[in-house]
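Step one of this worksheet: look at the structure below.
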Amino acid sequence: MKDSIGVIGGMGPLASQLFYKMVIEHTHAQKDQDHINMIILSDASMPDRTEAILSGHYDEPYHQLLEDVRLLESCGCKAIGITCNTSHFFVDMIKDKINIPIIHMIRETAADISRLCPGELIGIMATDGTIKTELYQKALKEQGLRVFTPSEDIQKEVMYQIYDRIKNGQSYDAASWCRIETEYRKAGCGKVVLACTELSVIKADEGLGDWYVDPMEILARRVIEFAGREYIMR
């Protein structure tokens, strides 16, 4: 399929369908043929990335992600997006093993935020694995931004929202979310990055405002632009 963009999803599946919807809704198109050719690989069997990072046993997700990107390259994709934030821990390990670019959701997000609110304090809401690897902390600091991560108790509530609610097929817990948001607001965060795709689902379902930055929205824009299409606001 000519000039396709490859997308690795399935981590989790709800976030993958949301990402495809974002791309469709934000592409300036008047007919089917104006949309982007995409090959979406929903690899729901990918081992848990946070568990692998925290245990130090990287081999299974690393090799499976490498197999996925090579498959998309072999299908003729001209670039790849990955809709899982934590998986970007492995991106630097595999990017030189293929001959097409991986659109780096975390770096693109940090660059966007730096243009919106230079020098501000930015909160990170993510899995334990993403927090531990400092994926967002490093990217944001490289853009001259200050970083806030939550207390241990609030981090547990974030993980509860991700694993016990959204990944478990349930809606978010509003009372818990209120406690989470309160800590970030009291810290003085100018923006909060929803650095897990399950949190992107919460933003979409609950209509959360622009104080929350969704990296999947930014990745959708970069995919549209990379494909040479016009991005439109909705």
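Tell me which residues, restricted to the range 25-38, are open to solvent by less than 40 Å² (accessible area, probe 1.4 Å) and either closer than 21 Å to ILE80 by Cβ or of a type in the set (Lys, Arg) (or both).
HIS26, THR27, ILE36, MET38
I'm trying to understand the selection: among the residues of the range 206-224, which are among the charged types (D, E, K, R), more than 14 Å from LEU116 (Cβ to Cβ) and surrounded by fewer than 18 Cβ atoms within 10 Å (Cβ to Cβ)?
GLU206
Can you name the residue in the range 54-75 that is outside any helix (DSSP H, G or I) and at pLDDT below 95 and, of all such residues, is surrounded by the most Cβ atoms within 10 Å (Cβ to Cβ)?
Ranking the qualifying residues of the range 54-75, first place goes to TYR58.
Taking LYS203 and the conditions (1) open to solvent by 50 Å² or more (accessible area, probe 1.4 Å); (2) within 16 Å of LEU14 (Cα to Cα); (3) out of contact with any Gly (no Cβ under 8 Å at 6 or more places or on another chain), which numbered condition does it fall short on, given that it satisfies the others?
(1)
Quick one: count up the residues across the range 192-212 that are in contact with a Ser or Thr (Cβ under 9 Å, 6 or more places away or on another chain) and either of a type in the set (Asp, Glu) or assigned to a helix (DSSP H, G or I) (or both).
So the count comes out to 6.
Step by step: first the residues of the range 138-176, then only those that are small (Gly, Ala, Ser) and surrounded by fewer than 14 Cβ atoms within 10 Å (Cβ to Cβ), then the one that is nearest to GLY119 (Cα to Cα). Which residue is that?
Step by step, filter the range 138-176, then rank; the result is GLY144.
Return the residues of the range 8-53 that are among the hydrophobic types (A, V, I, L, M, F, W, C), outside any loop (DSSP other than H, G, I, E, B) and either touching a strand residue (DSSP E or B) at 6+ places or on another chain (Cβ under 6 Å) or more than 12 Å from ILE224 (Cβ to Cβ) (or both); say none if nothing qualifies.
ILE8, LEU14, ALA15, LEU18, MET38, ILE39, ILE40, LEU41, ALA52, ILE53 - these are the residues of the range 8-53 that are among the hydrophobic types (A, V, I, L, M, F, W, C), outside any loop (DSSP other than H, G, I, E, B) and either touching a strand residue (DSSP E or B) at 6+ places or on another chain (Cβ under 6 Å) or more than 12 Å from ILE224 (Cβ to Cβ) (or both).
Could you list all residues from the range 142-191 that are of a type in the set (Val, Ile, Thr), more than 18 Å from MET11 (Cβ to Cβ), assigned to a helix (DSSP H, G or I) and free of Cβ contacts under 8 Å to residues at least 40 places away in the same chain?
Matches in the range 142-191: ILE154, THR182.
Pairs, please: C-beta under 8 Å, at least 6 apart or cross-chain, first residue without any contact (Cβ under 8 Å) to a residue 60 or more places away in the chain and in the range 98-126, second open to solvent by 20 Å² or more (accessible area, probe 1.4 Å) and part of a strand (DSSP E or B)?
Once the first residue is without any contact (Cβ under 8 Å) to a residue 60 or more places away in the chain and sits in the range 98-126, its partners that are open to solvent by 20 Å² or more (accessible area, probe 1.4 Å) and part of a strand (DSSP E or B) give GLY119/ARG146.
Just give me the residues in the range 142-159 being closer than 24 Å to MET105 by Cβ and either touching a strand residue (DSSP E or B) at 6+ places or on another chain (Cβ under 6 Å) or not charged (D, E, K, R) (or both), in sequence order.
Listed by number, the residues that qualify are GLN143, GLY144, LEU145, ARG146, VAL147, PHE148, THR149, PRO150, ILE154, GLN155, VAL158, MET159.
Filter the range 87-135 for residues that are closer than 21 Å to GLU51 by Cα, in a helix (DSSP H, G or I) and open to solvent by 10 Å² or more (accessible area, probe 1.4 Å); which is modelled with the lowest pLDDT?
ASP92
Quick test of your reading of the structure: GLU183 fulfils all but one of (1) surrounded by 17 or more Cβ atoms within 10 Å (Cβ to Cβ); (2) under 15 Å from THR50 (Cβ atoms). Name the failing condition by number.
Of everything listed in (1) surrounded by 17 or more Cβ atoms within 10 Å (Cβ to Cβ); (2) under 15 Å from THR50 (Cβ atoms), GLU183 misses just condition (2).
The values are calculated or read from the model by the stated rules, or taken from the named source; none is laboratory data. No experiment lies behind these values; they were computed from the predicted model shown. Here Cβ is always computed from backbone atoms with ideal geometry, including for glycine, and neighbour counts include all displayed protein chains. Side chains are part of the model used for accessible areas, which takes the heavy atoms of the whole protein and leaves out ligands, DNA and RNA. Shrake-Rupley method; radii C 1.70, N 1.55, O 1.52, S 1.80 Å.
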